[in-house]
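Below you'll find the structure, written out as structure tokens, and then a few comments.
Every number in this text was worked out from the coordinates using simple rules, so none of it is lab data. None of the values given here were measured: they were computed from a predicted structure. Here the Cβ is made from the backbone with ideal geometry for all residues, glycine too, and neighbour counts use every protein chain on show.
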């Protein structure tokens, strides 16, 4: 059985902020590990993305909410500890 996580294990987004309630597994069930932005039909939406590219995307998104760059960097520093990147 899939473990439930508080944050997406690909981008670190809080799962409670995912309007779709999580990504979708191949069998149509909700993913408790990845958000709907990262995971659909049992596959990553961007399978070839690197950790550094993901950090850039997340940093941009955080800054779009009005956070300064140094704080966005602070929030992305632990992405490498998420399950996808281990």
**Asked** Highest GNM mean-square fluctuation, the chain, Cα pairs closer than 10 Å: which of 21, 42, 66?
**Response** 66
**Asked** Points 7 angstrom from Cα along the Cβ direction at residue 85 and residue 16: gap in nanometres?
**Response** 2.3 nm
**Complete:** In this structure, the FRET efficiency calculated for residue 46 and residue 78 from their beta-carbon separation, with R0 = 25 Å, to the nearest 0.05, is 0.80
**Prompt:** Using only helices, what value at 222 nm comes out for the chain when you add -39,500 (n - 2.57) per DSSP H run of length 4 or more and divide by the total residues, to the nearest 500 deg cm²/dmol?
**Reply:** -7500 deg cm²/dmol
**Fill in**
Cα extents of the stretch 15-85 per principal axis, largest first, Å, are 40, 24, 17
**Request:** Along Cα→Cβ, 7 Å out, is where each label goes; now give me the distance between the ones at residue 63 and residue 2 in nm to one decimal.
**Result:** 3.2 nm
**Request:** Would you mind checking the tilt of helix 51-64 against the longest principal axis of the Cα atoms of the chain, expressed as 0 to 90 degrees and rounded to 10?
**Result:** 70 degrees
